[in-house]
Structure formats: C-alpha cells, structure tokens
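A.B. asks: Mind looking over this structure? Questions follow.
The values are calculated or read from the model by the stated rules, or taken from the named source; none is laboratory data. Predicted model, so just to flag it, every value in this text is computed and none were measured. Backbone-built Cβ (ideal geometry, glycine too); neighbour counts: all protein chains shown.
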Amino acid sequence: MRLFSKRRYITGLMAGFLAFMDMVIYMFRGQRKSEVDELSGLSNRKRFERELNAIVQAAPAGKTASVLFTDLDRFKIVNNSLGHAMGDELIREAADRVRQIVGPVHTAARFGGDEFAIILEDASPAEAKKVAERIREAFNRPFNLGLHEVHSTISIGIASFPAHGSDTAQLMKHADAAMYQAKDAGGNRTEMVDDALEMQLNNKMAMEQALWRAVDKGAFELHFQPQVDPRSRQIVGAEALVRWRQKNGSLVSPAQFIPLAEESGMIVRLGEWVLREACRQAVERENAGYAPMKISVNVSPKQLQHELFEHTVRDVLKETGFNPARLVLEITESAALKNVDETGAKLQALKRLGIGLSMDDFGTGYASIGYLKAFGVDSLKIAQSFVREMEKNNPHGEVVEAMLAVAAIMRLEVVIEGVETDKQFLYFSDRSNCLIQGYYFYRPMPLVDFPESEIRKHVV
C-alpha cells in the first residue's frame with residue numbers, strides 16, 4: 001500500500017511537471033508568435049524595439065551598435081501590376097536575402113509593407129556601411145517570382161549608437177530619415193546620418209515641438225484671400241488660409257509648417273481649428289451687418305481619411321450657426337483618389353449637409369470627369385502653375401481651355417488661382433463661370449480688413 005502511494009506520488013509529480021512544461025512551451029510559442037512577422041518570418045517591430053532598447057540601456061561606455069532602415073524601391077509597382085500574392089512573395093524573398101547576409105547573430109525585422117530594419121550589435125559605422133552595401137548588392141540581382149523576373153533595388157539608411165542617438169526613438173528616427181534621403185537621391189543607395197542631416201533633423205524636431213506649442217497656445221490666425229468675379233470685379237467669396245505668427249510678430253511660411261503638420265498627424269487638429277475659426281469669423285461678420293459670402297476651407301488628405309471628419313464638419317456648423325450653403329470644402333485630387341469608394345461615400349455624406357465641394361489644383365493629378373460627377377463636385381480650382389505657364393507656351397493654354405470646357409458642360413464654377421498680371425486677367429475676364437483669386441486683385445488679409453464696398457450683395 002505504501003509502495004502504491006509512493007508511485008502515485010511520483011506519477012503525480014511527473015504529470016504536474018509535464019503540465020508545467022506544456023504551459024511554458026505554450027507561453028514561449030505565444031510570445032514568439034507575438035514577436036514574429038508572419039509573412040517574412042523575421043522579427044516584428046515590437047521585438048525589434050525591445051531588443052534595441054535592451055542594447056541601448058545596458059550598453060557600457062565605448063559600446064557601439066548600428067541601426068539600418070531599408071525600403072524596396074519598386075515594391076508598389078510590383079504589387080500593383082502583378083498583384084498582392086506576388087507582392088507577398090517578393091517580401092518573403094527579400095527577407096531571405098536580408099537574413100542570409102545578417103545571419104543569426106544580429107536582429108532583422110519587418111515593420112510592415114516593404115520596410116525592413118536591422119540591428120547590428122557591436123558594429124561601428126564603417127562596419128555597418130559594409131553590411132549595408134552587401135545587402136544593396138544582393139538586391140541588384142533579379143527576383144524570380146513564378147514566371148516573372150522582377151527587379152527591385154533597395155534604399156538603406158544607417159544611424160549608429162551613440163553617435164546618432166542615445167535612445168531607441170532617436171536612432172530609429174535618424175535611420176528612417178537617412179533611408180528617405182537615399183530614396184530621394186534616386187534609390188538603390190546607402191546613406192548614413194551626417195552633420196547636415198543631423199542638423200536638419202534637429203531643426204525639424206524643434207519646429208515640430210514649436211508647432212505643438214503654437215496649437216496649444218493659439219498662436220495661429222486666419223487670413224482670407226478674396227475670390228473675385230472678373231466681369232463685375234466684386235468679391236463673391238474667400239479662401240481661409242492659416243498663418244502662424246511668431247512671438248516677434250513675423251509669420252512662418254505655410255510651406256514650412258503645413259507639410260510637418262501633415263507628417264506628424266497634427267494637421268487633423270489644426271484643420272479642425274481652421275474650419276471652426278473660419279465659420280466663426282464669417283458668422284461674426286454677418287452678425288455685424290456685413291454682406292455674407294462663401295468661405296472656402298482646405299481639407300488635408302489625413303483630415304478627409306479621418307473616421308470622424310463628417311461628424312466634425314456637422315458639429316462645427318451646428319456650434320457656429322454658419323449657413324452650410326456658404327461653406328466650400330476644397331479637396332485635392334490626390335486626397336480624393338486615395339480610396340475612391342470610401343472617399344466618394346464621405347463626400348456624398350458631406351454634400352447631404354448642404355455644403356459645397358471644390359476640387360483643388362485640378363489638372364495636376366488623375367481625376368477623370370467621371371470622378372467629378374461621382375464625388376458631387378461643385379467647382380474646380382485651376383492651379384497657379386497652369387496660369388503661369390500659359391504665358392510661356394500654348395499647350396498649357398489648350399489644357400486650361402479643355403478644363404474650362406469640361407466645367408461649362410458640367411455646369412461647374414471655376415476658380416483661377418494665382419492670377420497676377422494683366423495678361424492673365426484679360427484671358428479670363430469675360431468668362432461667365434470663372435472667379436479670380438490672386439495678387440492681381442488682393443493678397444490674403446484678415447476678414448475684418450475686407451473692402452465692404454467691393455463685396456457683392458445677395459450672395460447665397
């Protein structure tokens with residue numbers, strides 16, 4: 001009886017131990033699965049950042065490491081022309097080439113899409129450059145994807161610890177910037193963070209931080225550029241343009257901060273402020289007894305893609321009391337064509353609110369007449385580049401005439417941007433469906449400075 005109990009005890013211990021080991025293996029597999037990219041078999045971003053953090057935080061004095069960010073130069077072309085299955089196969093083949101060169105000692109990861117990242121522990125900048133060049137040379141060989149021979153080179157950016165960053169975020173940001181510098185230079189090359197890029201990144205970071213503070217402190221203001229009927233020379237509308245005023249009173253060029261706001265995601269918050277402030281000022285002006293007019297507000301691609309954009313517009317109209325029939329949202333061709341079905345549904349929902357829609361910089365993208373109709377566009381804005389080039393060669397004049405003809409057939413209003421000279425003005429002066437916006441008549445100004453005597457009465 002005692003022997004039997006002892007055997008039961010040992011059997012129980014063994015069963016418990018095996019159950020414990022099963023649990024450990026299960027947890028290990030679960031952790032591994034959560035840290036491995038399924039498509040490529042490489043580490044994922046989560047594991048990459050964890051390992052880079054460990055290296056940076058535990059690094060003794062004198063220790064070095066390098067981070068490589070890579071991006072395939074022609075992946076989108078392959079993906080779009082041969083299909084997603086071939087695109088996935090290219091990712092797997094690319095991962096194999098990276099894995100063969102990097103080996104098991106270092107960490108190679110896929111961040112998503114066609115972006116890969118590599119940690120080279122104990123590697124100096126010079127050693128990292130050699131590894132990067134080996135990777136680049138490997139990608140100069142074609143990929144055999146089924147029946148297709150595909151060429152896809154690679155762009156690589158390198159940042160080294162501690163020279164180019166003392167923490168994970170800095171290293172990744174600098175390697176990413178160097179990689180984009182390689183792509184901007186034509187691709188199929190390796191770029192390392194240098195003093196010039198370091199200064200550029202530091203300036204960009206300082207500008208981004210200042211931009212966030214400016215949003216919080218209300219350092220932005222709106223100027224409005226009038227839109228004029230060329231036949232009557234009366235103002236019938238205006239475009240709201242955001243301005244960033246510094247403490248010293250100077251204005252920061254929108255060309256400097258708008259792309260940064262778009263890149264950082266801040267454009268959604270800033271764009272909402274512009275929309276609300278433009279409507280608020282327009283209502284305030286009307287309540288003071290001035291003639292109403294249409295107000296155009298630019299919508300960025302990220303705003304348009306935001307899931308709550310329609311609700312934001314509705315809330316702003318309700319809060320401010322601005323007549324939706326006098327609000328025009330300007331959408332660029334590129335933003336409208338990013339996801340045609342989703343964009344079309346959003347624009348139709350906005351139209352149901354009673355607002356107008358304008359296709360901004362028409363002619364610079366690939367929007368067809370069919371899209372104009374499907375999106376419910378009410379007006380077109382012809383880019384200043386067409387207006388300027390008209391004076392230099394006839395082909396641009398023919399393009400503008402074609403756009404005006406399309407607008408006339410579809411009964412769309414046309415706003416001509418950037419009109420500055422007598423010749424440009426005279427070209428459009430007798431057009432019945434055109435409005436002029438440019439320095440020829442007015443520069444952007446605060447709404448309170450608009451010349452009341454020049455504003456057309458009885459605007460919708």
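A.B. asks: Scan the stretch 315-341 for residues that are surrounded by 14 or more Cβ atoms within 10 Å (Cβ to Cβ) and either among the hydroxyl-bearing types (Ser, Thr, Tyr) or outside any helix (DSSP H, G or I) (or both) and jot them down.
C.D. replies: THR320, PHE322, ASN323, LEU327, VAL328, LEU329, GLU330, ILE331, THR332, SER334, LEU337, listed by residue number.
A.B. asks: In the list ASP422, ASP360, which residue meets the criterion of being buried (at least 17 other Cβ atoms within 10 Å of the Cβ) and either over 20 Å from LYS294 (Cα atoms) or modelled with pLDDT of 85 or more (or both)?
C.D. replies: That would be ASP360, the only listed residue that is buried (at least 17 other Cβ atoms within 10 Å of the Cβ) and either over 20 Å from LYS294 (Cα atoms) or modelled with pLDDT of 85 or more (or both).
A.B. asks: Given VAL459, VAL414, which one is at pLDDT 85 or above and hydrophobic (A, V, I, L, M, F, W, C)?
C.D. replies: Result: VAL414 is the single residue among VAL459, VAL414 that is at pLDDT 85 or above and hydrophobic (A, V, I, L, M, F, W, C).
A.B. asks: Could you tell me whether any residue of the stretch 345-353 is assigned by TED's automatic domain parsing to the domain that holds GLN437, of a type in the set (A, V, I, L, M) and closer than 25 Å to ILE258 by Cα? Give the derivation first.
C.D. replies: To start, the set of residues in the stretch 345-353 that are assigned by TED's automatic domain parsing to the domain that holds GLN437 comprises 345-353.
Add one more test, that the residue is of a type in the set (A, V, I, L, M), and what stays is 345, 347, 349-350, 353.
Checking which are closer than 25 Å to ILE258 by Cα leaves us with 347, 350.
Yes, there is a match, as at least one residue in the stretch 345-353 is assigned by TED's automatic domain parsing to the domain that holds GLN437, of a type in the set (A, V, I, L, M) and closer than 25 Å to ILE258 by Cα.
A.B. asks: Oh, and also: Being outside any helix (DSSP H, G or I) and not basic (Lys, Arg) narrows it down to one residue among LEU347, LEU357; which is it?
C.D. replies: That would be LEU357, the only listed residue that is outside any helix (DSSP H, G or I) and not basic (Lys, Arg).
A.B. asks: Let me ask something else about it. Could you check the stretch 207-302 for strands (runs of 3 or more DSSP E) lying wholly inside it with 1 or more residues that are over 23 Å from GLY321 (Cβ atoms) and in the same structural domain as GLU333 (by TED's automatic domain parsing)? Full working, then the answer.
C.D. replies: Details: elements: 220-229, 234-245, 294-299.
The qualifying strands (runs of 3 or more DSSP E) are 220-229, 234-245.
A.B. asks: Based on this model, can you work out whether ALA159 counts as at pLDDT 90 or above, farther than 19 Å from GLY41 by Cβ, assigned by TED's automatic domain parsing to the domain that holds LEU52 and assigned to a helix (DSSP H, G or I)?
C.D. replies: Answer is no for this residue.
A.B. asks: For the stretch 122-148, enumerate the residues that are under 19 Å from HIS174 (Cβ atoms), over 32 Å from the mean Cα position of the chain (by Cα) and assigned to a helix (DSSP H, G or I).
C.D. replies: Those that are under 19 Å from HIS174 (Cβ atoms), over 32 Å from the mean Cα position of the chain (by Cα) and assigned to a helix (DSSP H, G or I): ALA126, GLU127.
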